[in-house]
Amino acid sequence: MLQLNKESIRNADLWEQAGIENIHFNYEQMAALTKENPTWVHFGAGNIFRGFIAMLQQTLLNSGKAETGIVVVETYDEEIIEKIYAPYDNLGLLAVMNTDGSLEKKIIGSISESLVGDPARETDWQRLKTIFSSPSLQLASFTITEKGYSLKNAAGEFAAAVQADMANGPERPQSVMARIASLAYTRYKNGELPIAFVSMDNCSHNGDILHSAVATIAAKWSELGLVEAGFQQYINNPAKVSFPWSMIDKITPRPAESVKAALNKSGFASTEILCTTKNTFIAPFVNAEKSEYLVIEDKFPNGRMPLELAGVIFTDRQTVDRVEKMKVCTCLNPLHTSLAIFGCLLGYTLIADEMKDPELKKLVEKVGYAEGMPVVVNPQIIDPEAFIREVIEVRFPNPYIPDTPQRIATDTSQKVGIRFGETIKAYSQRPDLQVANLTYIPLVIAGWCRYLLGVDDQGQEMSLSSDPLLSTLTAHIAGISLGVSSAEQVKLEPILANKAIFGVDLYAIGLGEKIEGYFAEMIAGTGAVRATLQKYL
């Protein structure tokens, strides 16, 4: 059986016999060159990084268009580095799940080093500081999820760790954004070296969110005299430090037992699936769909690698904005969240199975085509109609993608503002659209509130996916129970009026009461969620 390590990948014939595509460059040479002159560091060591972003650089390495790899850094779950990267010499295996059931198998070999991004891990932190001192470094990219950029807690106040970091300066930061600010300060101290900080997370205007977080911390350090005033100027000077916007799209679900079995059958042994203590599901292999998109604003003050040769689209900010709004606010992410919420309530464990459900398929069509598409501005580089059609007709129904509504339901409070709030705002601001005409987006929001009861449509207790606001949200509806739907029961104001969640007060724009009405119908008793969907669809 084939084991994943740098010795085994030298035997090209064995990998070829197993139907696994090997790398086409010298791994040791790549690692040595990257150690000497790092060009790319990536924060967030999860599946989207290995299954998509790392493979972009691998395409360049395979074709001789790049010599260096990527240094990956994990700031949240150090077990990923200890159990998935280090034991396998930073190698991985990508299994692309085609719609016909076949697997395309490729070694992931573009990652030169893996580090834990925590000052408490002194060797790793010192290495990171050395990397950020290097003039060769061109970009630091991020897939740390929406919550990774947040400085504030549920009450809207700076989190305790962030307050401590602001008071203590750049030496031993604890919060993720302060660690990034500290590394940027290292770069500043070494000659104001240029760099691009590229968020690749599914947040609207992700570059601005990253810049705002880092600049807020830099401003506080400057105000307290903990850093030179020039550092704040450096962070806010796009000629030195840029924060490009981007849009990323590729479904990379949790590693599946079915894929593990298929890999074992082909002679590949490194397939242990782990769940870390922080509830990360990960394995030496990544299973992913074939479709992938990455669009980035072309602002790189220290130059960049020619990733357009690997399929990345580089463009201007306005075009990224239109692509991102198209995908995150209309054509994919809102549909995913809709399926996640109702999939959990109706007992589904696969997104593909939900697409066989007539009500759920019609729901995502209505959320996307009927209510979302009117606010989409065609970005030209990707056709919105073709994109959403591929999502609904090909990608979501792919039975070989083992994606679950429970995974997609994670951190919903951090997502609804972007995935639905932006469309709601557009309806409230445009004279040709009426908020009162929205039916299906409010239905999904009501479904989310119903989901938070932790009881499925059959009245059985169900576990809720992790969410940083979960305890706060469930406390707001603690007095509500299934089978009782008096007016007193359905006061959802603490949730629906929260601008931090939705970007708007849903009562102020006339949707709060409508959502409460749908919610009341969904808590009428067992089967009420299904009955409500049937009524409106």
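Tell me, what % of the accessible area of the range 268-415 is carbon and sulfur with a 1.4 angstrom probe?
Taking all protein chains in place, the range 268-415 shows 50 percent carbon and sulfur surface.
Using 7 Å Cα-to-Cβ label points, what is the THR59/GLN29 separation (nm, one decimal)?
2.3
With everything on Cα atoms, drop me the angle between helix 317-326 and the longest principal axis of the chain, reported from 0 to 90° to the nearest 10.
Here the helix axis deviates by roughly 50 degrees.
Can you give me the orientation-averaged projected area of the convex hull built on the Cα atoms of the range 230-304, in nm²?
8.4
May I ask you to give the solvent-accessible area per residue for the chain, in square angstrom, as obtained with a 1.4 angstrom probe?
38
Just to check I understand the Karplus step: with θ = phi - 60° and J = 6.51 cos²θ - 1.76 cosθ + 1.60, what whole-Hz values come out for the range 421-437, glycine and proline as x?
Whole-Hz 3J(HN,Hα) from phi for the range 421-437: x, 5, 5, 4, 4, 4, 5, 7, 9, 8, x, 8, 10, 10, 4, 4, 7.
Quote the FRET efficiency, to the nearest 0.05, computed for GLN458 versus THR277 with a Förster distance R0 of 35 Å and r equal to the Cβ-Cβ distance.
0.65
How large is the convex hull of the C-alpha atoms of the range 17-114 per residue, in Å³?
Hull volume over Cα atoms, normalised by residue count, gives 112 Å³.
Using a cut-off of 18 Å between alpha-carbon atoms, which lysines can reach LYS220, once sequence neighbours fewer than 8 places away in the same chain are excluded?
Once the sequence-local lysines are set aside, what remains near LYS220 is LYS152, LYS189.
Rounded to the nearest 5, what % of DSSP beta bridges with both residues in the range 83-236 are antiparallel?
Looking only at bridges with both residues in the range 83-236, the antiparallel portion is about 65 percent.
Tally the DSSP beta bridges in the chain and give the antiparallel ones as a percent, rounded to 5. Mind dumping the intermediate values first?
On the way: 14 of 42 bridges.
DSSP beta bridges in the chain are roughly 35 percent antiparallel.
Search the structure for amide H atoms under 5 Å from the amide H of LEU115, placed 1.01 Å from N in the peptide plane, and list their residues when 5 or more places away or on another chain.
Result for LEU115 returns VAL72, VAL73, GLU74.
Can you sort ASP456, ASP208, ASP77 by solvent-accessible area, 1.4 Å probe, largest first?
If we order ASP456, ASP208, ASP77 from most to least accessible, we get ASP208, ASP456, ASP77.
P(r) for the range 71-161: what percent of alpha-carbon pairs falls in each 10 Å bin, starting at zero?
13, 33, 32, 16, 6
Using packing as a proxy for protection, rank 284-293, 114-123 so that the peptide with the highest average count of other Cβ atoms within 10 Å comes first.
The packing order, highest mean first, is 284-293, 114-123.
Please identify the GluC sites (Glu not before Pro) of the range 1-36 that satisfy two criteria: DSSP loop assignment and at most 13 other Cβ atoms within 10 Å. Which are they?
GLU7
In 5 Å bins starting at zero, report the fraction of Cα pairs in the range 150-210 per bin as a rounded %.
4, 17, 20, 21, 22, 12, 3, 1
List the pair-distance distribution P(r) of the range 165-311, using every Cα-Cα distance, as the percent of pairs falling in each 5 Å bin from 0 up to the bin containing the longest distance, rounded to whole percents.
Histogramming the range 165-311 at 5 Å steps yields 2, 9, 14, 14, 13, 13, 12, 10, 7, 4, 2, 1, 0 percent.
So between LEU224 and SER291, what do we pick up on full extension, going 0.36 nm a residue minus the alpha carbon distance?
My answer for the length gained is 19.3 nm.
Where nothing but the Cβ of Lys and Arg (+1) and of Asp and Glu (-1) is charged, how large is the charge dipole of the range 333-425 around its Cα centre, in debye to the nearest 20?
So the magnitude is around 160 debye.
Simple spin-label model, 7 Å along Cα-to-Cβ: THR99 to LYS6 in nm?
4.1
5 Å is the cut-off here: which amide hydrogens, built 1.01 Å from N in the peptide plane, fall below it relative to ASN498, excluding neighbours closer than 5 in sequence?
Excluding prolines and chain starts, which carry no amide H, the hits are LEU506.
Any of LYS250/LYS299; LYS325/LYS366; LYS361/LYS535; LYS106/LYS265; LYS147/LYS415; LYS105/LYS250 with alpha carbons more than 19 Å apart? Name them for me.
Too far apart for the 19 Å limit: LYS250/LYS299.
Quickly rank 527-533, 51-57 as a protection proxy: mean count of other C-beta atoms within 10 Å, highest first.
Ranked by mean Cβ neighbours within 10 Å, highest first: 51-57, 527-533.
Could you give each residue of the range 357-374 its phi-based ³J(HN,Hα) in whole Hz, using Karplus coefficients 6.51, -1.76, 1.60 with θ = phi - 60°, and x for Gly or Pro?
Per residue, the Karplus-derived 3J(HN,Hα) values read 8, x, 5, 5, 5, 5, 4, 5, 5, 5, 4, x, 5, 6, 9, x, 4, x Hz.
Using only Cα atoms, figure out Rg for the range 256-386 and give it as a multiple of 2.2 N^0.38 Å.
With N residues counted in the range 256-386, Rg over 2.2 N^0.38 Å equals 1.35.
In the range 1-140, what percentage of the DSSP-assigned beta bridges are antiparallel, given to the nearest 5? Before the final figure, lay out each step's value.
Numbers: 6 of 18 bridges.
Here the antiparallel bridges make up roughly 35 percent for the range 1-140.
Relative to the compact-globule scaling 2.2 N^0.38 Å, provide the ratio for the alpha-carbon radius of gyration of the chain. It would help to have the intermediate numbers written out before the result.
Working: Rg = 23.5 Å, N = 537, 2.2 N^0.38 = 24.0 Å.
Normalised Cα radius of gyration, the chain: 0.98.
Just the number, please: Stokes-Einstein D of the range 327-429 in µm²/s, Kirkwood Rh from C-alpha pairs, 10 °C, 1.306 mPa s. Present the calculation step by step, with values, prior to reporting the outcome.
Numbers: Rh = 13.8 Å.
For the chosen part, D equals 115 µm²/s.
Pairs of Cα atoms under 8 Å, at least six residues apart: use those to get the relative contact order of the range 69-224, whole percent.
Working: 197 pairs, mean separation 32.9, N = 156.
Relative contact order comes out at 21 percent.
The values are calculated or read from the model by the stated rules, or taken from the named source; none is laboratory data. These figures come from a predicted structure and were not determined experimentally. We place every Cβ from the backbone using ideal geometry, glycine too, and count neighbours over all the protein chains shown. For accessibility, only protein heavy atoms count, side chains too; no ligands or nucleic acids. Shrake-Rupley method; radii C 1.70, N 1.55, O 1.52, S 1.80 Å.
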